Every structure is written in structure tokens, then in C-alpha cells.
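The values are calculated or read from the model by the stated rules, or taken from the named source; none is laboratory data. Predicted, not measured: the structure shown is a model, and the values here were computed from it. Here Cβ is always computed from backbone atoms with ideal geometry, including for glycine, and neighbour counts include all displayed protein chains. The accessibility values were calculated without ligands, DNA or RNA, using every heavy atom of the protein model including side chains. Shrake-Rupley method; radii C 1.70, N 1.55, O 1.52, S 1.80 Å.
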Amino acid sequence: MRVPENWLRSFVDIKIKTIDLAHLLTMSGLEVESCEPVAPPLDGVVVGKILSVEKHPNADKLTVCSVDAGKEKFQVVCGAPNVRTGMLAPLALVGAKLRDLEFRNSRLRGVDSQGMLCSAKELGLSEDHSGLLELPADAKPGADVGKLLRLGERVFTFKLTPNRADCLSVLGIAREVAALTGAKLKVLKIGKIKEKNPSKHPVRITDADGCGRFAGRVIRNVNAAAPTPGWMRERLERAGQRSISALVDVTNYVMLELGRPLHVYDEDKLRGAIDVRWGRAGEKVLLLNGQEAAVDSSVLCITDDSGAIGLAGIMGGESTKAETTTKNLFLESAFFFPGAIAGRARRYNFASDASHRFERGVDFANNVDGIERATQLILDICGGEPGPTVDLVKRLPKRKPVRMRVARAQKVIGMPIEAKEMAGVFERLGFAFKGKGKEIVVDPPSYRFDIEIEEDLIEEIARVHGFDNIPAHPPRAPAKMHAQAEARRTLHEVRERVAACDYQETINFSFVEPVWEADFAGESKPIRLLNPIASQASVMRSSLIGSLVANIRYNHARKLPRIRVFEVGRVFLRDPSAADGALAVAGLRQPMRVGGAAYGPALDEQWASPSRAVDFYDVKADLEAICAPRSLRFEAAPHPALHPGRSARVRIDGEPAGWVGELHPRWQQKYELPHPVALFELEADCLVAAPLPRLAQPSRFPPVVRDIALLVDAGISAQALLDAAEEERPAIVQELRLFDLYQGPSLPAGKKSLAFRVVMKDTERTLTDTEADSVRDALVGLWGRRLGAILRS
């Protein structure tokens, strides 16, 4: 919403500076997005009077003009189609600066040009570049154009919230200014226009649930081709409206001034009575923007005997529009319920100023005032003979009184504003109210659709009093220190651990593409959203893997060679046993998970080691570091998103905790990733649990190390050997780990070699070689009995 400052000050006389007024309005909840001059500063642009116009000798579309600039005369080459002798237009002299461009003497098609005659676009006033900007006839040649056109006037641009439809007009903003500053509001005097003919056009309201009130007036013998006055055209353009014709300009002017959308029909084009009703299947209407709209029973229409002639509250039809040849017109001022207009314009992929206002709520008490104001302007500009105003009222919104408790308002606002001051706020806002003691009852005005409950009145008091005048007090609740459970980590600590493994955190949407659920979670019937923001984000995710693969693709497409990302977020799973709760919905679980993905080289490029691609074992090592000191167990198992031979289920303390593996080659190819992606996804609850540290007595004696190389069947896992040893581990064995795997032609068919390192020590004495060898032999014998392992020779 754009409001010229001079237009605003014509409604309320205030002494406050412009910048202070902008701040005051912003702090009251009406955000001033900008407060800029009408046009950029002009330097060297004066009023020029065109003395003569001659055809350019070397160009058909150019003319050579002699221009009087007051003290001197200049020769200017011009290409504007509307240039004529005696015309006054802006002249940019040599040395003038427009939009950081400095004018110099130029030569156009062999003729010298000592300046430039300017259009409104070149001055930065509007986008009109159709011809020269014609200046008032009483302007003096040589006068400064900036001062003449008052280009220093500032225009407020408001970023209004949908609930403040009352401020979509100069009058509405003026009401706010008067309430905030205490200045008196200059109420526009709108008198009743005396009728000069008895003409009435019949009107019906068939569907009062869409249209509650319809006022109209016939005006005969108008001169619709009359030019719009300069003062009106100037205000419209500075408010962001393009001047079209006198009749259209008047309706736009009243809409901006009073917040009352109007529409003008050519009365001679109407066929029978106007009827406001819901549309019917098969009906179509050609709109003023040239679009043909098909209507149905959910679209409110303006109709006559020929059918639909306009979309109610949105846009009129081409068949009945008023033109410069119109002699008799019908002026419409209606009230449409917001629910009957909201969303209809978006259905046809356009928006209008009228729909923007009607779907938010338009004052239902100023229908006749809008008719009278527009009639007076039309008579002043176009002449004519007005008929009587027809005001048909079917059903208006019921505004129930709203009760506000003074004590409640003081508690919510946080300061003891007296009841007398609260009453003063309502008086300045123009609200009718009763009571000044413990409670105040307010009758909401017809233009304030946002006043419905007690909290709305409390908000009015707070913002008019001034949000910046409310003191900021520290919280009074006693701060209590809560002991953190020693056996649990916070999710923040989990994030720190993952980040320490060289991963960067990402935050993704919880709603994803349906195909991700099918590919990465094997879910053919995902949880669908009732009202998705986009078709590619229409289901709730049950895995983090799809989002992480998308992160990898995004960064790979931007030529990042090495990518490490992780996410801590919720997934959404069907569970009939789940009940309603703070973070749960009946039949739906929302557990937290931690997922990560690695792509590209395992290490940054360096000279110390050759480059290699990241693989399953790199991510497995990262998981062991993240979960330390808890031990993980990895079991080969299939997962729809992972490589069938390079995936494993992760168990922590024997309980399933998640998955780790490389992306399935099918999905790697489908999502156009040239290298494998290593992934993991774990339940957050399993990661936050942390065992209490156990203190072991350190040994002062040196350890004894034995390496054992075994020959086993290729199908036996290293974990099976470790599990067997764990069950019968001698007390002096402190550590047992795998350090080598070998498979090659030097081994028997179907065999592989696994090498383990055994670290032994005692806290009381130094171990002998005999003791160490006996433990080694015991382990070899154990593995031989259970798994058929033999020492590799």
C-alpha cells in the first residue's frame, strides 16, 4: 500500500517529521517498508516552452524543436509523438543529471541537440514513456521542474498484515495517525447529491450469503472522454495507480481514499436487472483483462439477463465496461463477504485491487458514502445528471460487543496502564465503548474485521500506547539448575561428535518427494500431506537418506569434490500403538534420527597419501568414533537404499540402532552420481545414551603382544571369531583386534586369511613369554574347535 505524504496530511494535520512518523507507524504494527521521494533528485531540469517544431531533415520519426528555457533558447532533437508548438515540457539541459547520466551536447543524424525533452519515465515519475510529460499551462519557462512538480514529496510504502484491511486506504492510515499522535482527524464531508432524473436500474441479490449489500446509481449524459484533472492523476500515480480514463480514475481514487472499491457499467449495455448470485456450471465471462473465466457454483457473479457480466468483488466484464463513448452509466458499490471472495482470484491466476480488499474485509457501512463521493467527482469532471441512489441491504455481518478486563490487559501487557488511559485509546481509535472501571465493552466498528476477542482489544492498547514504551523486565520465575543425567548425552553433544568427524550439518524439510520414499525406504504408501506446498514435497519422510542424497547431488552439481553432510531430524512412521502426546499423533511416531553421507575422496588432497574414494569402512570407523566408548556390532543385512553386498545393520548393546552402507548402484545411477556414496542412519535415542566411565587400575608393567594369522573359510566373518574369543577370553588379554585381511591365489580355494593382534598385560607383574604363548595357543585352539580355523603357515 503506497500513500503520498501530502494526501495523508490532508486528512490529519500533524507537526511530526516524516521520518518520525514512519517510525511511529512501524512501532504501532503498521510496518513502513520505505519512505522515499516521488522521484530521484533532478539537477538541471527546467520547464521548457516549445516555440517551434520542424521535421528532422534526415529522420522520419524525429523533429527539431526550438525550446525557450527562460533566459535562453535551445535547439533540441526530439522523437516524442505528442510534441507540439506551445507545449510546456521538462527540458534536461547540458550538464543535467538524470539517474546518474550526465547530458552533453550531442549530434543526432547530423543535427545538434542542446538537451533533451523528457517523458515521465525519464524523470522517474512512472513507467509512461509514450510521450513528453506535459506540464501545467501556467508554469514559467526556466522554472525548476523538481519544485514545480513537488518531486521532494515522500511516499510511504506499507507492508500490511492481512488482518489490517482497514488500512488499505488513505483514510484508514489517517485514522491510525490521529490515534497515535492525538491529532484531530479531518473527516471528509460527503453530502447527499441532489438527483436530477428519476432513473433507477433494477437490482436483485439472489444469494445474500455472498453479497450482503448492493448500492447503485444511474448517471446520465456524462462526458466520459473528459480528461482526468492533474491533481487526481498526480495522486493516483504517486499511490501506484496508472491513469486510464476519467471514470476509471474516479473509482480508483475513491478506493484509495476511502477503501471502497467501486465499479462503473455502461448502463446502455446492461440487459435487464442486475442480479448477484453464485455462478452456474457452463457459464463464462470475458473479463476486463481479456481473460475468459469459466465459473461454477463456488464463484459469486454479477449477472444480468444475458448471464454473468463480471466476477463479484474481483473484476468486471468486457461486455458492460464503461468507455470514453459512454453516455449513461451505472455506478456500483457493494459489500461482499470475505469468505465469498477469498481465493477466487488466485484460481484464475491473477489478482486485483478489489479482490485484495474484499477478501480481507471492506467497510459495509460506507457503501452509500462511496457512491456519493464518486458521484460528486464524476459530476465535477464529466458532468451528468445523477439519479437516486438505490441501497439494497440483505444481510450484514453481526458485530458482537467485545468485553475486555482491565486487570487481564495489565497482566498481558506487563505494566499497570490505568483504565482511564485504556478508555482514551479506544476513544482516539474511534471505537464506541462502555465502562471505565474493571472492564470495558467495545462495539467493533464496521471497518475493523480484526476486533473479535479480548486479546484483540489488548493488542490495540499495547500498540497505541507504544510497544517501545513497554519496559523490558527480566523474568521473575526463579532460575533452577537441573542436574544433567550422567548416563545421557544431549543431541548437541551428538552433533559435536559428528562434526568432529569432518561432517557439516544440514537442515532439510520433513516433507519430501514420494519417489524418495519408494527408493530409499521401500515405502509404497507413504504418509501424504493433505495440503502440500508443492507436488515434489507431498509426503512425510520415514528416512533421512533421501534428503542426504539430495544434499550430495546439490553440492556435486556445484563441483564440490569432497562432501560430508549430516542431519539430526525427525522421521514419521505409522504406528497403531502410538497415542496423542506433545510430540506424537495417534497412530504416528516421530522419532529423532541422526544420518550422515560421505562422497568423494576419503581425505583432502595431499602429498602424504594417495587419493582414494570413501567407502563403507570409512563411515563404519566414523560411527565407532561417534558412539565411543560404546561398542558397536555390525551385521550384514539388506536395506532398500543400500548396496546389497556393502550394507550392515548396526546394533548397540544388542539392540537394533540403525544402518550403515554404500548407496545402491541402481540409485547411484538414477540420481546421476559418478562415485559411491557412503551413508549411515541411527536412532538418536541410541546415541544419546552413554555408559558411566569405568576406572581401571593402570599397569606399571609392559604389555606383551602376539599376532595370530588364521586361515578360515571365506564365509566366516571376523566378528564370529571375535565373539568366540570374547566368551572365553583369558583375564590377561586386554585387547583383541583384527588388523589384516588377505584373499589371493596363494591361499586354498574358498579360504581367507585373518590376522589378529592380542595385547596382554597384568597389573601385578611382568608376563613371561611362556604365559603369553599359552594364551595364544588357547585362542588358536578355541577358534579351531568352534570355527575350524588353523594357523596360517
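Listing for the model above:
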{"item": "Filtered residues of the range 636-646 (kept if touching a residue at least 24 places away in the same chain (Cβ under 8 Å) and either of a type in the set (V, I, T) or assigned to a strand (DSSP E or B) (or both))", "result": "A636, L642, H643, R646"}
{"item": "Single residue of A96, A89 found to be touching a residue at least 40 places away in the same chain (Cβ under 8 Å), surrounded by 20 or more Cβ atoms within 10 Å (Cβ to Cβ) and within 43 Å of the chain's Cα centre (by Cα)", "result": "A96"}
{"item": "Among the residues listed as V77, V47, V12, the single one being touching a Ser or Thr at 6+ places or on another chain (Cβ under 7 Å) and open to solvent by less than 20 Å² (accessible area, probe 1.4 Å)", "result": "V77"}
{"item": "Condition met for V425 (outside any strand (DSSP E or B), crowded, with 17+ Cβ neighbours inside 10 Å, in contact (Cβ under 8 Å) with a residue 40 or more places away in the chain and touching a helix residue (DSSP H, G or I) at 6+ places or on another chain (Cβ under 8 Å))", "result": "yes"}
{"item": "A709, sole failed condition from (1) open to solvent by less than 50 Å² (accessible area, probe 1.4 Å); (2) within 55 Å of the chain's Cα centre (by Cα); (3) not basic (K, R)", "result": "(2)"}
{"item": "Subset of the range 667-695 [part of a strand (DSSP E or B), open to solvent by 10 Å² or more (accessible area, probe 1.4 Å) and under 22 Å from G522 (Cβ atoms)]", "result": "E681, E683"}
{"item": "The range 716-730 residues that are under 11 Å from L779 (Cα atoms), paired with ones that are among the aliphatic types (A, V, I, L, M) and in a loop (DSSP other than H, G, I, E, B) (beta carbon under 9 Å, 6 or more apart)", "result": "L721/A789"}
{"item": "Count - residues of the range 348-375 that are out of contact with any strand residue (DSSP E or B) (no Cβ under 9 Å at 6 or more places or on another chain), in a helix (DSSP H, G or I) and more than 23 Å from I451 (Cβ to Cβ)", "result": "2"}
{"item": "I451 vs. criteria in a loop (DSSP other than H, G, I, E, B), within 31 Å of the chain's Cα centre (by Cα) and not aromatic (F, W, Y)", "result": "yes"}
{"item": "Subset tally (residues that are open to solvent by less than 90 Å² (accessible area, probe 1.4 Å) and at pLDDT below 90) for the range 470-511", "result": "7"}
{"item": "Every residue from the range 537-555 that is charged (D, E, K, R) and either closer than 14 Å to P640 by Cβ or assigned to a loop (DSSP other than H, G, I, E, B) (or both)", "result": "R541"}
{"item": "Search result, residues across the range 750-773 that are surrounded by 14 or more Cβ atoms within 10 Å (Cβ to Cβ) and of a type in the set (G, A, S)", "result": "S753, A755, A772"}
{"item": "Residue match in the range 317-324 (condition: open to solvent by less than 20 Å² (accessible area, probe 1.4 Å), more than 28 Å from A165 (Cα to Cα) and not in a helix (DSSP H, G or I))", "result": "no"}
{"item": "Residues that are part of a loop (DSSP other than H, G, I, E, B) and touching a Pro at 6+ places or on another chain (Cβ under 8 Å), drawn from the range 508-536", "result": "G522, P526"}
{"item": "Qualifying positions in the range 65-115 - touching a strand residue (DSSP E or B) at 6+ places or on another chain (Cβ under 9 Å), farther than 20 Å from K49 by Cβ and part of a loop (DSSP other than H, G, I, E, B)", "result": "R104, N105, R109"}
